[in-house]
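**Student:** This structure is in structure tokens; I'll ask about it shortly.
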Amino acid sequence: MLTEINFDGIIGPSHNYAGLSRGNIASASNAGDVSQPRAAALQGIDKMRHNLALGLPQGIFMPLDRPDAPWLATLGTTQDDAEGHLRAQAWSASSMWAANAATVSPAPDSADGKCHLTVANLVTMPHRSHEWPGTLAQLRLAFADPAFVVHAPIPAPFGDEGAANHMRLCSGHHGQGVEIFVYGVGGGRFPARQHLDASKAIARHHRLDPARTLFIRQSDTAIQGGAFHNDVVAVANEHVLFTHETAFEDRAAAHAEIRAAFPAVEIVEVPASAVTLPDAIKSYLFNAQLVSLPDGGGMGLVLPTEAQAIPAVWNWLEAHVAGNGPIRRLLPVNVRQSMANGGGPACLRLRVVADPATVDPRFMADGAKLDHIAEVVEAHWPESIAPGDLASANLARDVRHARTALLAALDLSGLE
Ligand code: SUG
């Protein structure tokens, strides 16, 4: 039976604040802070426990091998000798944001009836541009069943950020959906990371029906305001599109196209007069997991605790729940360590609509497995990393060893 599985990236032991993401306000403003990898990973595990308790299927992705020595070697350098900015780029634990791992088209949307995944090239940001080989290896293992087709990345220079710029509308039972690719147009102070040519290439590879595939331009205002991915200002689930007023460049045309392609859509729009764009970005109101609660419980919004701290945001949400809106429950989770790098609850997961029986079981999680992962994290993840620590050969060794211990505990040593 097809169901939505959320695959969360386990927050890696090299998690640190190097301020690497231009256009990502949280990353820039926390640059130089001391990070807490252990607490970060435990926060991520708690989010997964929280979602499992709601009855939602949960999957996991492993952290990648960092610092990325083979990548530094391609640049003619090493962990010991690299210039500071390259070293930081080699250390980033950015694969935790699994929404950027791939674009996923569930089987009912594709002409060949398979679930297609294209690993994201992430070429806009140097520190993320070397994620895809490790991510691809993992996707090929997790989704080796013939129910899936896993595609290599779209070539540079066509930037692709995966599911963060992709939304899907469908009826409640995971029938054929409408896929919405949201692309940006460059030229501003902050980069537009998702290119239209990449989105179109993915739609072709995934054999999507052109009549049920939309390409919509992300608003320059949103990008220049700090919404470096569409999932910072919009999220969809089943027939609901939850979006900020400023998400799309041509709002009226975007809404009309969406309604034409999927007439049953319910667009829940938050006007800028109620929540300003800066407040939407600061609170990560839209970087939430909009989930269908089992047993007819309606939809819940798994959102960061930061959203509670901004009165305009929380007031809007409470009014929505008190009224007749489709979001029935507000479910705050604490992912502060990730949030400080611009990654909310939705960034930390990749949604895959599939039959869990077709997924390699090593990538599926239950309570006992999460407890086991938490033990490895407690034993091996560094408690803190200061920016100067990235030069430490000892820390580099400890961080590698921590990941190796996790892979061994989960019978995934083949990924080393
Ligand atoms: O790509 N932050 C990530 C956050 C990604 C959030 N994902 C989604 N919105 N789906 C990024 O900007 C910061 C890393 C640093 O600065 O060290 C970073 O890569």
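Only the coordinates and a few stated rules stand behind these numbers; no lab work does. Every value quoted in this text rests on a predicted model; they were computed, and no experiment measured them. Don't worry about glycine lacking a Cβ; one is built from the backbone with ideal geometry, like all the others, and counts go over all protein chains shown.
**Student:** Using Cα pairs closer than 8 Å and at least 6 residues apart in sequence, work out the relative contact order for the chain, in percent.
**Tutor:** This gives 24 percent for the chain.
**Student:** Right, another one. Please order Phe363, Phe215, Phe228 by the number of other Cβ within 10 Å, starting at the fewest.
**Tutor:** Placing the least packed residue first, the sequence is Phe215, Phe363, Phe228.
**Student:** What is the helix-to-structure angle for 311-322, meaning the angle in degrees between its Cα long axis and the longest Cα principal axis of the chain, kept from 0 to 90 and rounded to the nearest 10?
**Tutor:** The answer is roughly 50 degrees.
**Student:** As an exercise, take the mean of 1/r over every pair of distinct alpha carbons in region 307-416, invert it, and state the Kirkwood radius in angstroms.
**Tutor:** It works out to 17.9 Å.
**Student:** A further question follows. For Ala357 and Asp80 in the same chain, what is the full-extension length gain: residue separation times 0.36 nm, less their Cα-Cα distance, in nm?
**Tutor:** 95.3 nm
**Student:** Placing +1 at every Lys and Arg Cβ and -1 at every Asp and Glu Cβ, with all other atoms neutral, what dipole size does region 281-377 have around its Cα centre, in debye to the nearest 20?
**Tutor:** So the dipole magnitude of region 281-377 works out to roughly 280 debye.
**Student:** Write down Rg/Rh for the chain, rounded to two decimals, with Rg from the C-alpha atoms and Rh from the Kirkwood relation over Cα pairs.
**Tutor:** Value, to two decimals: 0.94.
**Student:** Of the trypsin sites (Lys or Arg not before Pro) in region 1-97, which ones lie in a loop per DSSP and count no more than 14 other C-beta atoms within 10 Å?
**Tutor:** The qualifying sites are Arg22.
**Student:** State the Cα centre-to-centre distance between region 23-87 and region 200-230 in whole Å.
**Tutor:** Taking the Cα centre of region 200-230 as reference, the centre of region 23-87 is 26 Å away.
**Student:** I've got another one for you. Just from its helices, what would the mean residue ellipticity at 222 nm be for the chain, if runs of 4 or more DSSP H residues each count -39500 (n - 2.57) and the sum is divided by every residue, rounded to the nearest 500 deg cm²/dmol?
**Tutor:** After summing the helix terms and dividing by the residues of the chain, the value is -9000 deg cm²/dmol.
**Student:** Please state the charge dipole magnitude for region 3-415, taken about the Cα centre, from unit charges on C-beta atoms (+1 on K and R, -1 on D and E), reported in debye and rounded to the nearest 20.
**Tutor:** 260
**Student:** Follow-up question, since we're still on this one. Just how far, in whole angstrom, is region 337-416 from region 273-306 if you go by their alpha carbon centroids?
**Tutor:** Rounded to whole Å, the Cα centres lie 25 Å apart.
**Student:** Note down the nm distance, to one decimal, between modelled labels 7 Å out along Cα→Cβ at Ala69 and at Gln176.
**Tutor:** 5.1
**Student:** Between Arg251 and Ala144, what is the label-to-label distance in nm when each label sits 7 Å out along the Cα-to-Cβ direction?
**Tutor:** Using points 7 Å along Cα→Cβ, the separation is 5.0 nm.
**Student:** If we sort 366-379, 297-310 on the protection proxy, mean other Cβ atoms within 10 Å, highest first, what's the order?
**Tutor:** 297-310, 366-379
**Student:** Can you give the alpha-carbon Rg of region 164-291 over 2.2 N^0.38 Å, where N counts its residues?
**Tutor:** Here the Cα radius of gyration is 1.00 times the empirical estimate.
**Student:** Which of Ala391, Ala253, Leu331 sits closest to the plus end of the dipole of the chain, meaning its Cα is farthest towards the positive end, when Lys and Arg get +1 and Asp and Glu get -1 on the C-beta?
**Tutor:** Comparing the listed Cα positions along the dipole, Ala253 ranks first.
**Student:** Once label points are set 7 Å from the Cα along Cα→Cβ at both Ser413 and Glu318, what is their separation, rounded to one decimal in nm?
**Tutor:** Output for this residue pair reads 5.4 nm.
**Student:** With +1 assigned to the C-beta of every Lys and Arg and -1 to the C-beta of every Asp and Glu, and no other charges, what is the dipole magnitude of region 335-416 about the Cα centre in debye, to the nearest 20?
**Tutor:** Roughly 300 debye, rounded to the nearest 20.
**Student:** Near Arg251, within a Cβ-to-Cβ distance under 12 Å, what is the net charge of the other residues, with Lys and Arg +1 and Asp and Glu -1?
**Tutor:** Summing Lys and Arg as +1 and Asp and Glu as -1 gives -4.
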